[in-house]
Structures are given as C-alpha cells and as structure tokens.
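Take this structure, written in structure tokens, and hold onto it; I'll ask about it next.
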Amino acid sequence: MNENKMSVGAFFQKYTMVIALVVVVIFFAIATGGNSLMPGSINNLISQNGYVFVLAAGMLLCILTGGNIDLSVGSVVCFAAAVGCVLMANKVNMWIAVLAMLGIGLAIGIFQGFWIAKVHVPAFIATLSGMYAFRGFSNVVLGGFRVDITNEQFLMLFGGGRDCYIPDFIRQWTGTTGKPNLTCLAIGGIAILVYVLMTVRKISVQKKLNIHQSIPGQIITTALISGVIGFIIWQLASLRGFPTVLIWIALVLGIYQYITTKTAIGRHLYAVGGNEKATALSGVKTRNVYWFAYASIGLMAGLAGILTAARAKGIDPVYGEGYEMDAIASCFIGGASAYGGIGKVSGMIIGAVLMGVINQGMNMVGVDSNLQKVVKGLVLLGAVVFDVMSKRQKR
Amino acid sequence: MEKSVVNQSTIRKADPVSLLKKNAMLIILVLVFIFFTVMTRGRMFNPNSFAALINQNAYVYILGCGMLMCMLTGGNIDLSCGAFVCLLGAMGGMMMVYWGMGTALSIVALLALGVAYGCGLGALIAYVRVPPWIATLAGYLAFRGLGTAILGVSSTNSISFNNNPDFLNIFSGTLFRTPEGELNWPCMIVGIVGAALVVLLIFKNRTTRLKKGYEVDQLGMDVAKCVLGAAAILLVMFKLAMSGGIPTTLVWVGIVVLFYSFITSKTTIGRHFYVVGGNIEAARLSGVNTKRIMFIAYLNMAVLTTIAAMTTMTRFTAANADAGKNFEMDAISACVVGGVSASGGAGTVLGMVIGATLIGVINLGMFQVNLDANYQRVVKGFVLLAAVVFDILSNKKKS
Amino acid sequence: MAKILLEMKNITKTFPGVKALDNVNFKVEEGEIHALVGENGAGKSTLMNVLSGIYPYGSYDGDIIYDGNVCKFSNIKDSEKLGIVIIHQELALVPEMTIGENMYLGNERGHKFAIDWNTTYAEADKYLKMVGLSESSKTQVKDIGTGKQQLVEIAKALAKQAKLLILDEPTSSLNEEDSRALLDLMLGFKKQGMTMIIISHKLNEVAYVADTITVVRDGATIETIDNHGAEPVSEERIIRGMVGREMTNRFPKREGVTIGSTMLEVSHWTVHHPLYPERKVVDDVSMYVRKGEVVGIYGLMGAGRTELAMSIFGQTYGTNISGELKIDGKPVKIKKGADDAIKHKIAYVTEDRKGNGLVLSQSIKVNTSLAHLDAISKHTVIDGDKEYAVAEEYRKKLKTKTPTVEQLVGNLSGGNQQKVLLAKWMFAEPDIMLLDEPTRGIDVGAKYEIYCIINDLAAAGKSVVMISSELPEVLGMSDRIYIMNEGKFVGEMKAEDATQENIMAMILQSGRGA
C-alpha cells in the first residue's frame, strides 16, 4: 500500500495553518516572556473568542455552499442580545430571554435564507441589508443606551467573566481546598480518555473493514492533541476552573463537526459547493441546503448574542461590529475555499485560534489597536491568496 | 430638388405599462419627494434642502459611478472604499498639516496613492483571481485601522484642514456665493443653459434619426421628455440659486457623472464592460481582454474613491477616524436601487443617480421629520432588499 | 417471448418553438441491451430525460409503462426508487469529494443524521471492484482519470440497485482500452439480468454490444433493428437508418466556384487538454484551406474538431500547443487571445451560440458590432448611427426575422440567433472563417438560408472551414472534406469522391486501430 507516504512538501501544504499556529504561539510566548501561556492568558483567549468559534461554525456552512457569506451576523448578535437584555432588565424569566435570543437569531436566519435560497438574491446583498436593518433594530430596542445584566444565574451559566467556572465539586466533596481545580482536571481527563477511546475504536473498525490508514500517524495525532488539551486544562485548572463558556463552545463545535462529517445534510453542503449541477442531478434539493446553512448561522448569531451579553455583563449598541469579519477570516485562514466545497471544522478552529492568539499577542506586546486591524486584514488576504494560488498550481 | 428618401421612420408605439416599468424608480423618486414635502410641511422643498442633498450625497454619486463599473463586470463590488477614504483622509492630513506639503502637491500625492492601491487591487482580482469581495474585504479591515493609527498623531484623533483654505475651496463651498434668499445669477444662468441644452439634444437626436430613417418615439413622448428634463434642471438650479449659489461639489459630481455617462453609453471600453458582465466567455471569444477590464474596473474605483475622499475631507474640514463609514453600503445601494443588475451586464449612470437621489431624499426626509436614527437604518436596509428583489423578479419574467 | 420491461408510448415533448419528441414509441425487453442511435439533436437524450423523471410527469404527453405499471415521475428520485438509473454524458461528480462520498450522494448509508462512513466506504469498495476499479473509495474524484470517473458513475448506479440502467454516451471521453472494458462490463451485467439502454454515436460499439437498436431522427423513432442474430448487424445498415434522408435540393447550388491560392495552412498541430496536460486532444493535424473554398471537417462527437478550431483561433482553448500556422503563405505566430486572431483576419463562429457566442441580454445591434468595434467608432467613441446602420445592413442581408435591431438577442429564435452570430463575424471582415456546427438546432428553412450565406462567403473569396457532425450537410456544402477521429485527421477527400459510406468507413477503420 502506498497511500500513506507523503512528501515533505505535501505535508507542509496540508498542515500549513497548524504549523503557522505553532510558530505564532511560540513567537508570542517568547515576545511576552512566557506570559501568553499563563493560565490567565489561556482563560482570556477562550472567553474573549467564544463568539468567534460559535459564529465561524455557522459561517463555515454558508461558505461551503459556494463561497457565500453572512454579513449580518454582527448586527444580529447585537439585536438578539439587546432583546434578551431588555427582557431580563424587566424581570422576565432568564430562560424565556434565552429562548427569545435564540429564536430571534433563528427567525432572522430563516428569513434571510428565504431570499437567498428561493428568490436567488445574492447572499452578500441580502445579508448586507440585514446588517444595516438589524443594527437599526437593536438601536431602537436599546434606545441608544447600554443595558446591564444583573441576573447572576445567567452570567454564571454563559460565562460572564473570571468567576464563571464550574465549581470544584470534587474538592467540595472531599473537603479539601485550594488549587488546582480538581473538577476541571477531571473533566479534562475524561475528555482525553473519551477521545483516545474513540480513536482506538476507529482504528479497530478500520482493521475489520480492511480500510487502510496510517496507524502510527493516527496515534501521533491523537497523542499530540491530547497533550494540547491536557496543557490547556491544566492551566485553566490552576486559575479557577473550567470556564462555563467553554461548555457552549465545545457543544457547538461538537455538533458542527458531527453535522459536517456524519449527516446527509453535511454531505449535501459540500456537494452543492463542489458542483451544484451534479448535486441537483443526484436528486438533492439544493434550495433546502442553502436554507439550512443560513438558518443555522442565524441560530448561532443568537447564541453568540447570549455569550457576548454574558461576557460584557450587558449590551451596548455598538457591540457586534466586526464580528462577521472575524468569523469569515477564521474560516478562510482555516482553509475553506472561497469558491465553496472545501473546509473543515477543525480548520476553522485553527483559524479562529490563530486569529485569537494574534489578537491577544498583539495586545500583550502593546501593538496599537489600529495596527492590529491592519494585521488582521493582511493575514486574511494572505490566507486567501495562498489558497487561490496553491489551487492554481495544481492545474 | 429630389429628396432622397432613405426610409420612412417607424414610430415606436407608446406602451403605458412598459413605460411605467422602465421608469419605475424615477416615478417612485418623485412620489417619495412629494410625500416628504407634505410630511415636513414644505421644508423638503426649501433651497437649503436641495443644497444639502447635493453636499451630503456627493460621495454617493462619485463612488456610485465606480461601483457601477465594478458591478457591470458581473455583480462585483468594492467593500474597501469607505475604509480607504478614512486612510486617504489621514494621509491627506499628514501631508497638508504636518509635513507642510502644498495643496497641489498633496492632491497629486493622494491621487498617486489611489492609483497605487487600484493597481494592486486590480492585479490581485484580475490576474491572481482572488474573488473581489475577499480582496476588498482585506482593505475594509486594514485601512481603517491604518488610518486611525496615523491619526493618532493628533490627540483628538482627527486633523483639521481649517488652515488650508485652498484645499477647502477646491472641493467644497459655493461658487460665486450670494446671500440666501437672493437669486444667484451665475447659478440660474447655468440652469437655463442646461435646460436649453437638454431640449436641443433631444430634438437634434430626433431630427437626425428622422433623416436617416431610424426609429423614433412619438412626438408627444419627446416633447414630454424635453419638458420634464428642462423643468427638473430649472427647478433644481433655481433652488440652488436661492440657497446661495452652485455648490462646488455639484461641479465635481457633474463632471464625474457626465464623464461616466459618456463612457458607458458611447465608448468601446464602456461597451466591453457591459458584455463582460453579460457573457464573459462570449466577450473573450470576441476579442475583449476580459482580464484587463476587471483590472481597469478596480483601478477606476480606487481613483474615484480618492476624489470622493477629498470631498469628504473638505465637507467635514477634517480627517476623522470614522470618515467613510458605510460608504460602500451607500454606493452599492444607490446602484442596486437604480436598477444595476446584481449579476452584471446591466445598469446605467442615470439609474444610479436616480437611485442615489432616492436614497438621499429618504435619508434627508427621515431626518427632517425627526425619525429616530435607528428606524432610519432599518428603512435603509429594507429599501435595499426590496430593490434587489424587484430587480430579480422583473428580470425573471424576461428570460 | 421475452417480457417487455419498459414501454414508452406516444411520447411527445415540446419546448418553446421546437418539438423535441413527436409521438415516440419505444419498447425495451427485460434483460436486453437496447441501443438508441441518431444524429445530434435527434431527441435521444430528451427521451431518456423524460424516462428518468428529469422532465416530470405533466411536462410531456404520453405514457411510461414500467414493469406493467403506468409511471408518473415527478423527479429523479421517483424513477430511481423503481430501479431506473441514468448516467449522464457530463459526469455528475463533485471533484473535491471522495469516490465513496460521491457514490452515496443523495443516497446516504445509515441514518440521515448519522452517516455510517465505515459501511459507506466498505460497500463502495465492493461496487468499485464490481466495475473493475482497484482504487480505494477514499480517493478523491479529481485525482483519477476520466475513464475511471466514468466507472465510478457506474458504480454509483449499481449502489442504487439499478434494474434498468441508462448510459448516455458512456464512452465519449474514453480511449480504446477503457471503452472496450466498459462494454464488456455491460455484457457482464447483462448476464446477471440487468436491462440496459445505451445511447451512443460509436456505431461499432453499438453493433458489438446491443441486442436491439432503435434509430431516432428528428424527434421520432424511425426503425428498430434486431441484433440478436449470430452475425452482428453492419454499421452501414445502421447508418442508412440514421441518415438516409433524401438529398435532393437541400443544399443550394454553388455558383461561380473559383478556388484560389492557399490561405490557411496548419502543420503538425498538437493540442493538449487544459486540465489534464498529458492528454492530447488534437494529435499532429495538418490541413490547408484555399481562397474561395469550403472545407468540411467531419467527425463524431469528441473527435477534437472544436478544440482544433479554437486552438487555432488565438489559443482560446488548450495548453501545450505546438505546430505551425501559415496565413497566405507567410508563417505567423498568433498571440494568445482572440483579439490577435481577429487581427489576423480569422473568425471563429462557436457551436454554442447561447453559451459563448452571443450576449443574450444585449441587442442585435450590440452583438453585431462586438468583434469589430473599431469600425464603428472613432477614437473609442462609438458612432451610434453607424452601428445601427451596420446592424440593419446585416439584418437585411441575412434576412434576420426581427422587427428592429434593438431587439434583444435572447428573444430571437435559434435560427435568427445564429444569423446574428454570423453577422458579427462577417462584420469583422475575416479572410478565414471557422464555422463550428453552423446549423445546429435550426429548422430546415433557416438552414437553407444559412447555406446560402456560406456559399456567398466562399464566392466572395473567403476561406471557409465548416465543422459539422451532419454527414449530408458536409457532403452537400464542401469542396473538400477532412475526416477527424479521436484527435487525428484520418482522411481527406474531394467532394466528388465522397459518399456517406466511404466517409463512415474511414472513421470505422481508424476506430479499429488501422
């Protein structure tokens, strides 16, 4: 069998972004004298970029369908959050507010999806108008003012800051105190165990069905990823514990990973972007595929609204600006194709993490916030140009 | 003397329904204008409103011409123009205020920047084949940051041009200013000349076509066009005359709009833009250099952005960090509302102008009735969506 | 008496302006391989699209009776449920996805929300072995050649448990070896009881593999030939059925034919495929055309004629192009791009007038002037009156049916669209005209008018190359004929020596590896 020998060049191309991420992490670790790897930094990285992971997951589906994007997510995040905050400020039950935020996001997604899927309005125009309209709506709801959240339960559950972590049940049970947070370690340990077991099962099934994939390669990958997870968990445990926002991020990423790899609709998303004609000829209703993508990102915008409001302990009319760009950039840096049909959740995660690391690193080193935007733009452009040119060389 | 009859001209039948459809936006514009005049108890009809319309929307007309050319090639847009305006403002501020470069030299340098960006962007899109909206998205992200960083040199994050009267006078203000309420004769004369030209052109066209035996509209139609066109010009110029004179921005807008009107309707390169958007393969096989057209579209856009930047800088007499916000949205909206096809190959400068004016009237009107700024944004968003849907649906029936 | 598995009764299908199928009757026996043959545009693909549900019930007249039941399919899935699977000419595969993913697209294994990938790939591998592919189902489709992609399509059909398999031009992009393998595969399936319908231009293959052959012409079934006998039916017999129409007065007489010196000379011209650079689509072709001459290039689909013409026309197709061009005796190097070819007075009239020939959303006037805007403009400013006049002139000359030249081309009939396309290139005043299928999809009356135009062009001293897959047309219009097959020129004959039979014979001979 010769499928598994990969030349050095091909290896680099496939794992470019991972390598870039590693390089950048090391760079900033050195530049900040190790501060960027401190527990506090890791915690910040996760909680500040929660919304990026959530939105980028939804954006990935849209991009898969053919390079289509959703420019309205930032405004929808703000609008959904605004409604939720106003509801909670008026003593409405927290869970109703949460449902409202998710519901608004989903409804907007379905609405925009209608114009894009059925009427064939170009995606960027439909969502550009949404970007405008929903920013306006959110300002109407907020009356131009910031609205604070005081509902403790809400803040705890959705990650509103350093105190929002899963309490250390194990220590409480055993009566010990202090750090590290054992519950967090336990969660991390279980996660790693589950992951390793899944890999083992995968390998054994492959053996049974005679499918050939490099076993040492898979073992090494699993080990590396487990190591990274372990490191992160340890840092989090040393600080306060498992941040609640991470629960939601993990949930979303897990669901989208599942959708894109194991469901029929996931396949159809890739197929529509790869060759829409062929997909239609295979009996797939392409219209529903587009609709699904936009409905899902609408829902994610609602969730991102919840997370944003929790982290900031309130909502301000200018929140959400630029969110769509972060999400889009994460997907493209993570290897999604501007023409559709290619892109993975794992890539998107790397893209989002890379953007987050660069942002945080630049902050810690003290780079002017405006120059940070310049870097963001250049990184995005570089990733896309690299992608387009490497595809051209193959031809 | 024997008259050599080439052919008898056929007279186009006036079909009221298709007439309505073709001029839908214009009719809507008139109706909306009347609506707001009523709602504001006549304030919309004041001379100041007309002047405000021109000054506040100059950048839309200018950027709209550039965006039109990009959209013609196939629905492509430029998301970076607003941010680039901010950057140019910052650079202009540095040049004129901090580095003491003269006005003329600064203007040339800014244009050079515009050309440089345009060439880079054009090359990326046309030759490296990066999709336009991503290529310009990078600029959208980067330029505002860069501009704001440069403006950081001033504690207020803005640079004032108050000490550069030359610069201010070239791109803003009024020509031959007279006090409000007094009829400004230069302005009125321009209006009369303009109206006369329109009538002349329409009838010259008609007689030439009759002579050569081409199709003509019914006489009534042409007369109506003359009357309406002349009346519109006279009205606008009269109002401007009462508001103090010809706004300088009107001159720039006029030059740009007339220039692009000419290019799109009468030149070979303008024709190339339409066919590239209509059927790029057919264009290629007919000898059109499609890559070069794409390159020119974005180079052109960058240059027009530079001009729009200068009108913005002078209007606010300063370079600000949030200059240019939403400019791309406004330009795209003007085009789309004005009937420019979102898939390319169709659209006119006149349409864009009507679209831009309609949006401008809606903005001004909402402001004058004191509609909450946030509802204004909502309205803007839905107007854009409605225009595109209308465009798509009406085209569906044709094919 | 074998059971009739499928009967299509009195099927009529019309598109705006054209009757694609006219009361077609078609029967297929269970367990047989039934071939559909006919010229381009005869209606074979349309008939199969009706059968497979792509044209749903209600969009055609007549009945489909499958296994005794009348069927009313509303989409592809309905027909697939009964085991009717169609493999299209253009491969319906997504290049970036793996073979396994493609095979089960729209037909996913496991639950909709939990695709069982292991089962998917395992089953996929099973079907791949059945069609003779050794590749793993995890290979990406874009990494295997067209021949293998074709087999993947068949595996995909097998995975859908096909009982009636329809193959539309399955060997059109395959070489000798792969074609033979595919045909043998079909015979193997037949032994296992599968019923198949094959549409093909390659008559030798049809004779080899089919039990029954139905000839379709102009949207109607002309005859059905039985091929069950010990001796396979002869290709000549099939040709006569396909093509045997009266040749009287279909082609205008050529008046005043004066043939001058050589205008275009092509030597050792080789062109490679743009996506698969190792594949030669034009292989060492040499030809010449003289002034005032009409040279026909005949060949079946996939012969490489369009590729030959487009590559000569400013390399607008193909990579790795080598060979020499001489215009009027002088060697020339035409720069890449249509505009340089136009400057050298070459015109290429495409076979796909709607796809890449005309801008349908623009007027006749605009389309007419497109390739020669210099002639109606001064210093890049277009003279609107001149443009109008030119368009009018050609409208009259070519008798284009339209109230005005401001009419949008998209609203014209096929024949009139073709006239606008010709007008555009005539206006460019070329010396050499490459016409690719100039009368495709046009009714008989308009065809005659276009033949007259072509004759006028030749009479005016132009060098005309006419690519056509309609044998009678080539015979009726050309002074000389080149025959092309699979990228090579396999024959050249003067018009007076040419007959339908000996042209076909040349193709068949070359197909047999002569």
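From the list A:N275, A:N288, which one is within 11 Å of chain C (Cβ to nearest Cβ) and farther than 11 Å from C:G106 by Cα?
Exactly one residue qualifies, and that residue is A:N275.
Looking at (1) within 14 Å of chain A (Cβ to nearest Cβ); (2) of a type in the set (F, W, Y); (3) buried (at least 21 other Cβ atoms within 10 Å of the Cβ), which one does C:Y66 not meet, given that it meets all the others?
Unmet condition: (1).
If you don't mind, there's one more thing I want to ask. Identify, please: which residue in segment B:223-271 is assigned to a helix (DSSP H, G or I) and of a type in the set (S, T, Y) and is, among those, nearest to B:T290 (Cα to Cα)?
Within segment B:223-271, the match that is nearest to B:T290 (Cα to Cα) is B:T268.
Here's another thing I want to ask about it. Can you spot a residue in segment C:410-433 that is within 21 Å of the chain's Cα centre (by Cα), buried (at least 20 other Cβ atoms within 10 Å of the Cβ) and not in a helix (DSSP H, G or I)?
Yes, the conditions are met somewhere in segment C:410-433.
Moving to a separate point now. Is it fair to say C:E30 is at the interface with chain A (Cβ under 10 Å from one of its Cβ atoms) and of a type in the set (D, E)?
Taking the combined requirement at face value, the residue does not satisfy it.
Please indicate, with yes or no, whether at least one residue in segment A:87-106 is within 13 Å of chain B (Cβ to nearest Cβ) and either closer than 22 Å to B:V379 by Cβ or free of Cβ contacts under 8 Å to residues at least 60 places away in the same chain (or both).
no
Within segment B:329-356, which residues are closer than 23 Å to B:Y274 by Cβ and not small (G, A, S)?
B:I332, B:C335, B:V336, B:V337, B:V340, B:T348, B:V349, B:L350, B:M352, B:V353, B:I354, listed by residue number.
Residue-by-condition table, conditions (1) at pLDDT 85 or above; (2) charged (D, E, K, R); (3) at negative phi:
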residue: A:G178; (1), (2), (3): no, no, no
residue: A:V200; (1), (2), (3): yes, no, yes
residue: A:P216; (1), (2), (3): no, no, yes
residue: A:G227; (1), (2), (3): yes, no, yes
residue: A:A237; (1), (2), (3): no, no, yes
residue: A:L246; (1), (2), (3): yes, no, yes
residue: A:G254; (1), (2), (3): yes, no, yes
residue: A:I259; (1), (2), (3): yes, no, yes
residue: A:H268; (1), (2), (3): yes, no, yes
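Among the residues in segment B:81-101, are any farther than 22 Å from B:D322 by Cβ, modelled with pLDDT of 95 or more and more than 14 Å from chain A (Cβ to nearest Cβ)? If you could, list the steps in order and put the result at the bottom.
From segment B:81-101, those farther than 22 Å from B:D322 by Cβ are B:99-101; that's our starting set.
Retained after the next criterion (residues that are modelled with pLDDT of 95 or more): none.
No; the residues of segment B:81-101 include none that is farther than 22 Å from B:D322 by Cβ, modelled with pLDDT of 95 or more and more than 14 Å from chain A (Cβ to nearest Cβ).
If we keep just the residues of segment A:336-380 that are away from chain B (no Cβ under 12 Å) and not in a helix (DSSP H, G or I), which is modelled with the lowest pLDDT?
A:G366
Would you check which residues across segment C:471-496 are touching an Asp or Glu at 6+ places or on another chain (Cβ under 6 Å) and not in a strand (DSSP E or B) and list them? Talk me through it step by step, then tell me what you get.
If we filter segment C:471-496 for residues that are touching an Asp or Glu at 6+ places or on another chain (Cβ under 6 Å), which is where we start, we get C:479, C:482, C:487-488, C:495.
Matches in segment C:471-496: C:D479, C:G487, C:A495.
May I ask you to verify whether C:A122 is small (G, A, S), within 9 Å of chain A (Cβ to nearest Cβ) and in a helix (DSSP H, G or I)? It would help to see each step written out before you state the result.
Numbers: small (G, A, S): yes; within 9 Å of chain A (Cβ to nearest Cβ): yes; in a helix (DSSP H, G or I): yes.
Taking the combined requirement at face value, the residue satisfies it.
Out of the residues in segment C:349-371 that are among the hydroxyl-bearing types (S, T, Y) and more than 7 Å from every other protein chain (Cβ to nearest Cβ), state the one that is surrounded by the fewest Cβ atoms within 10 Å (Cβ to Cβ).
For segment C:349-371, the residue satisfying everything is C:S363.
Filter the helices (runs of 4 or more DSSP H) completely within segment A:51-157 down to those with at least 1 residues that are charged (D, E, K, R) and either assigned by TED's automatic domain parsing to the domain that holds A:I315 or surrounded by 19 or more Cβ atoms within 10 Å (Cβ to Cβ) (or both). If you could, list the steps in order and put the result at the bottom.
Values: elements: A:73-89, A:94-117, A:123-142.
Because the criterion is at least 1 residues that are charged (D, E, K, R) and either assigned by TED's automatic domain parsing to the domain that holds A:I315 or surrounded by 19 or more Cβ atoms within 10 Å (Cβ to Cβ) (or both), the helices (runs of 4 or more DSSP H) in segment A:51-157 that meet it are A:123-142.
Only one of B:V276, B:V336, B:V288 is assigned to a helix (DSSP H, G or I) and within 14 Å of chain C (Cβ to nearest Cβ). Can you tell me which?
B:V276
I would also like to ask the following. For segment B:78-187, which fully contained helices (runs of 4 or more DSSP H) count at least 1 residues that are surrounded by fewer than 15 Cβ atoms within 10 Å (Cβ to Cβ)? Let's see the steps before the verdict.
Details: elements: B:81-93, B:103-126, B:132-151, B:165-171.
Here the list reads B:103-126, B:165-171.
Here is a further query. For segment B:328-370, give me each residue that is over 16 Å from B:K380 (Cβ atoms) and within 11 Å of the chain's Cα centre (by Cα).
Once the filter is applied, which keeps residues that are over 16 Å from B:K380 (Cβ atoms) and within 11 Å of the chain's Cα centre (by Cα), segment B:328-370 yields B:T348, B:V349, B:L350, B:G351, B:M352, B:V353, B:I354.
Return the residues of segment C:273-297 that are part of a loop (DSSP other than H, G, I, E, B), more than 14 Å from chain A (Cβ to nearest Cβ) and in contact with a helix residue (DSSP H, G or I) (Cβ under 8 Å, 6 or more places away or on another chain); say none if nothing qualifies.
Within segment C:273-297, C:G292, C:E293 qualify.
List the number of the failed condition for C:I99; all other conditions in (1) within 15 Å of A:N275 (Cα to Cα); (2) more than 10 Å from chain A (Cβ to nearest Cβ); (3) surrounded by fewer than 23 Cβ atoms within 10 Å (Cβ to Cβ) hold.
The failed condition is (3).
Continuing with the same structure: Would you pick out the residues in segment B:327-366 that are touching a Lys or Arg at 6+ places or on another chain (Cβ under 9 Å) and among the polar types (S, T, N, Q)?
Across segment B:327-366, the qualifying residues are B:S333, B:N363.
From C:G461, C:G487, C:G445, C:G491, grab the single residue that is at pLDDT below 85 and not polar (S, T, N, Q).
The conditions single out C:G445.
Right, here's the next one. Report, by residue number, each residue of segment B:364-375 that is surrounded by 16 or more Cβ atoms within 10 Å (Cβ to Cβ) and either at the interface with chain A (Cβ under 7 Å from one of its Cβ atoms) or basic (K, R) (or both).
B:N374 - this is the single residue of segment B:364-375 that is surrounded by 16 or more Cβ atoms within 10 Å (Cβ to Cβ) and either at the interface with chain A (Cβ under 7 Å from one of its Cβ atoms) or basic (K, R) (or both).
Identify the residue in segment B:31-85 that is aromatic (F, W, Y) and touching a helix residue (DSSP H, G or I) at 6+ places or on another chain (Cβ under 6 Å) and, among all such residues, is nearest to B:L113 (Cα to Cα).
Here is the first cut: in segment B:31-85, the residues aromatic (F, W, Y) are B:33, B:35-36, B:45, B:50, B:59, B:61, B:84.
In the following step, the residues that additionally are touching a helix residue (DSSP H, G or I) at 6+ places or on another chain (Cβ under 6 Å) were identified as B:33, B:36, B:45, B:50, B:59, B:61, B:84.
On the way: B:F33: 39, B:F36: 41, B:F45: 40, B:F50: 33, B:Y59: 18, B:Y61: 21, B:F84: 10 Å.
That would be B:F84.
Here's a follow-up. Test of understanding: among A:I233, A:I259, which residue is more than 14 Å from every other protein chain (Cβ to nearest Cβ), crowded, with 16+ Cβ neighbours inside 10 Å and either assigned to a helix (DSSP H, G or I) or of a type in the set (G, A, S) (or both)?
Just one listed residue meets the conditions, A:I233.
Let me ask another. Condition first: of a type in the set (D, E) and in contact with a helix residue (DSSP H, G or I) (Cβ under 8 Å, 6 or more places away or on another chain). Now tell me which residues in segment C:91-118 satisfy that. If you could, list the steps in order and put the result at the bottom.
Going residue by residue through segment C:91-118, those that are of a type in the set (D, E) are C:96, C:101, C:108, C:116.
Residues satisfying the conditions are C:E96, C:E101, C:E108.
State all residues of segment C:267-289 that are surrounded by 19 or more Cβ atoms within 10 Å (Cβ to Cβ) and farther than 15 Å from C:E486 by Cα; if no residue qualifies, say none.
C:M287, C:V289
Which condition breaks for C:L174 when tested against (1) at pLDDT 85 or above; (2) under 26 Å from the mean Cα position of the chain (by Cα)?
(1)
Tally the residues that are within 11 Å of chain B (Cβ to nearest Cβ) and small (G, A, S), restricting the search to segment A:322-335.
So the answer is 2.
List every residue pair whose Cβ atoms lie under 9 Å apart, where the two residues are 6 or more positions apart in sequence or sit on different chains, the first residue falls within segment A:48-71 and is of a type in the set (S, T, Y), and the second residue, located anywhere, is part of a loop (DSSP other than H, G, I, E, B).
From residues that are of a type in the set (S, T, Y), the pairs are A:Y51/A:G320; A:T65/A:G340; A:T65/A:G341.
Let me ask another. If the Cβ limit is 6 Å and pairs must be 6+ apart or interchain, which residue in segment C:207-228 that is not assigned by TED's automatic domain parsing to the domain that holds C:F15 pairs with which residue that is crowded, with 23+ Cβ neighbours inside 10 Å and not hydroxyl-bearing (S, T, Y)?
Final answer for the pair search is none.
The values are calculated or read from the model by the stated rules, or taken from the named source; none is laboratory data. Quick caveat, the model's predicted, so the values are computed rather than measured. Please note: Cβ atoms are built from the backbone with ideal geometry, for glycine as well, and neighbour counts cover all protein chains shown.
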